[in-house]
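The values are calculated or read from the model by the stated rules, or taken from the named source; none is laboratory data. Just so you know, these numbers come straight off a predicted model, no measurement behind them. Every residue, glycine as well, gets a Cβ built from its backbone with ideal geometry; the counts of neighbours run over all protein chains shown.
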Ligand SMILES: [Zn+2]
């Protein structure tokens, strides 16, 4: 008689239990989507007719906020319910962060991620726990990468002067004028097509699918995507060159920013249509009844609201206020005014599978009705407000924090344990955050400042624990390396374990340490 495999049996029982519970979740995240540009969040343009429809049938959170103002700072919160500054480094993603995909995969749920944001790629360690991970980073079928490869091959053989011309702003502008520029990201239609293909292959099993759309991210080229131009029809070729000029020189005219907003709104309408296609597929396959869809964004986008364009380490609501909608047959319809953050998404997803959340998750399950009294957002950055990938979080790194309660927001910077550049806003009287009332509201400032200080101390402890773990891993790998390569001459070598690799120059001397897995699982 064939021997019974207890492990496999338990796994099958677990799967059957989950299947009876009929819990599948699709997490849809949209890069750079600020809440006030969706029509269901009060925007005067009808940018999101389909999202409006399902928001009206599900839970729509009016006060949802990002825990970081750019991708690298906010995704640890979305996928690992962690504060961005609890770890010793943001990129690559810390080994201490427990991705929701890892938790779900262990329970036998099929997991898939489809996106084209390089900061969330396998290269930076975001591929942990996925049965299918498509980041389009090394895909040979990607036309952009193919084109770049061909371009690079040609460019490599050109004389130096022509090479310089290729890199020049003039040629870049000419390409934009002629409509030859291509978006560096994969469009929403392709992402949706991949999502539907994966669902088709896996619809008979409990699943978790994450799709991330990049269409709202700059650069705002309009030549390469077939979106309907409802607002941006007037954006001429010359205007497009002007937009590029503004991006390069960081000097904006009000006409150019209006043109950018027109393209942004049109692209949002285009994403809305793609999401509708995804829903239609779920409906046609009978999956809509047992699937919960969560829609949100990693951060917003600034259109000179506070004098800047894009999304760097700034903490006003054009960057932090994001949409959050939960839709599903078991979800009660309501407009929810609770203060919530991206940290709450992973615990909520786990609750749909009836899985207890790991101890290191910082958020709450939104279905069990908790109330946050404040939300903290934070990011490390340089003097220009930019995070440079690969940077460790040193005491000298500038860190900006924002704490928000229902009616107040305090923004401050911290370096070497000192808080400076404090700003306080009364959100009830001044929702656009134009008047710093720090001097007038000393008591409120002190109250919020003390919460931030405690949070900073807690994070410091977490970081040093994370650093110690990292050093232990390095020591272990180093020992392994020396024992396996002790007889080789001193050259650069690499030594790898499951997800770790160490690069050494001389025997025993570490010049670079990486914790990456370059290969995504099949
Ligand atoms: Zn982003």
If a residue counts only when it is crowded, with 22+ Cβ neighbours inside 10 Å and within 16 Å of the ligand (Cβ to nearest atom), which strands (runs of 3 or more DSSP E) contained entirely in the range 266-356 have at least 2 such residues?
291-297, 321-327
Selection from the range 363-384 of residues closer than 12 Å to residue 340 by Cα and in a loop (DSSP other than H, G, I, E, B) yields 363, 364, 365, 369, 370, 371, 372, 373, 374
Boolean, residue 24 is over 22 Å from residue 209 (Cα atoms) and either modelled with pLDDT under 95 or away from the ligand (no atom under 16 Å from the Cβ) (or both):
no
Conditions: (1) buried (at least 24 other Cβ atoms within 10 Å of the Cβ); (2) within 16 Å of the ligand (Cβ to nearest atom); (3) at pLDDT below 95. Residue 87 meets all but one. Number of the miss?
(2)
For residue 177, work out the one condition from (1) outside any loop (DSSP other than H, G, I, E, B); (2) without any contact (Cβ under 8 Å) to a residue 60 or more places away in the chain it doesn't fulfil.
(2)
Could you figure out which of (1) free of Cβ contacts under 8 Å to residues at least 40 places away in the same chain; (2) surrounded by 17 or more Cβ atoms within 10 Å (Cβ to Cβ); (3) at positive phi isn't true of residue 433?
(1)
Exactly one of 215, 262 is within 16 Å of the ligand (Cβ to nearest atom) and either more than 23 Å from the chain's Cα centre (by Cα) or crowded, with 22+ Cβ neighbours inside 10 Å (or both), and that one is 215
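Could you grab me the full set of residues in the range 338-372 that are in contact with a helix residue (DSSP H, G or I) (Cβ under 9 Å, 6 or more places away or on another chain) and more than 19 Å from residue 296 (Cβ to Cβ)? I'd like the intermediate steps shown before the answer.
Let us first name the residues in the range 338-372 that are in contact with a helix residue (DSSP H, G or I) (Cβ under 9 Å, 6 or more places away or on another chain), namely 338, 340-358, 360-368, 370, 372.
Answer for the range 338-372, where residues must be in contact with a helix residue (DSSP H, G or I) (Cβ under 9 Å, 6 or more places away or on another chain) and more than 19 Å from residue 296 (Cβ to Cβ): 354, 355, 356, 358, 360.
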Given the criteria touching a strand residue (DSSP E or B) at 6+ places or on another chain (Cβ under 6 Å) and within 16 Å of the ligand (Cβ to nearest atom), does residue 64 qualify?
yes
Residue set 96, 52; condition within 20 Å of residue 38 (Cβ to Cβ) and away from the ligand (no atom under 16 Å from the Cβ); output residue 52
Failed criterion for residue 248 (all others in (1) surrounded by fewer than 17 Cβ atoms within 10 Å (Cβ to Cβ); (2) out of contact with any helix residue (DSSP H, G or I) (no Cβ under 7 Å at 6 or more places or on another chain); (3) touching a residue at least 60 places away in the same chain (Cβ under 8 Å) hold):
(2)
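Residue-wise test of (1) buried (at least 21 other Cβ atoms within 10 Å of the Cβ); (2) away from the ligand (no atom under 15 Å from the Cβ); (3) touching a residue at least 12 places away in the same chain (Cβ under 8 Å); (4) under 23 Å from residue 217 (Cβ atoms).
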{"position": "39", "(1), (2), (3), (4)": "no, yes, yes, yes"}
{"position": "68", "(1), (2), (3), (4)": "yes, no, yes, yes"}
{"position": "75", "(1), (2), (3), (4)": "yes, no, yes, yes"}
{"position": "83", "(1), (2), (3), (4)": "yes, yes, yes, no"}
Checklist (1) at pLDDT 95 or above; (2) more than 21 Å from residue 87 (Cβ to Cβ) applied to residue 452, failing item:
(2)
For residue 315, which of the numbered conditions (1) modelled with pLDDT of 95 or more; (2) more than 30 Å from residue 398 (Cβ to Cβ) fails to hold?
(2)
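Within 24 Å of residue 275 (Cβ to Cβ) and either surrounded by fewer than 22 Cβ atoms within 10 Å (Cβ to Cβ) or out of contact with any helix residue (DSSP H, G or I) (no Cβ under 6 Å at 6 or more places or on another chain) (or both): does that describe residue 104? Spell out the reasoning first.
On the way: within 24 Å of residue 275 (Cβ to Cβ): yes; either surrounded by fewer than 22 Cβ atoms within 10 Å (Cβ to Cβ) or out of contact with any helix residue (DSSP H, G or I) (no Cβ under 6 Å at 6 or more places or on another chain) (or both): yes.
For residue 104, the condition - within 24 Å of residue 275 (Cβ to Cβ) and either surrounded by fewer than 22 Cβ atoms within 10 Å (Cβ to Cβ) or out of contact with any helix residue (DSSP H, G or I) (no Cβ under 6 Å at 6 or more places or on another chain) (or both) - is met.
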Give just the number: which of (1) part of a loop (DSSP other than H, G, I, E, B); (2) within 24 Å of residue 190 (Cα to Cα); (3) within 16 Å of the ligand (Cβ to nearest atom) does residue 228 not satisfy?
(3)
Quick check on my filter: what residues within the range 411-433 are part of a strand (DSSP E or B) and in contact with a strand residue (DSSP E or B) (Cβ under 6 Å, 6 or more places away or on another chain)?
411, 412, 413, 414, 415, 419, 420, 421, 422, 423, 424, 425
Residue list for the range 318-348, filter: modelled with pLDDT of 95 or more and farther than 17 Å from residue 369 by Cβ
318, 319, 320, 321, 322, 323, 325, 327, 342, 346
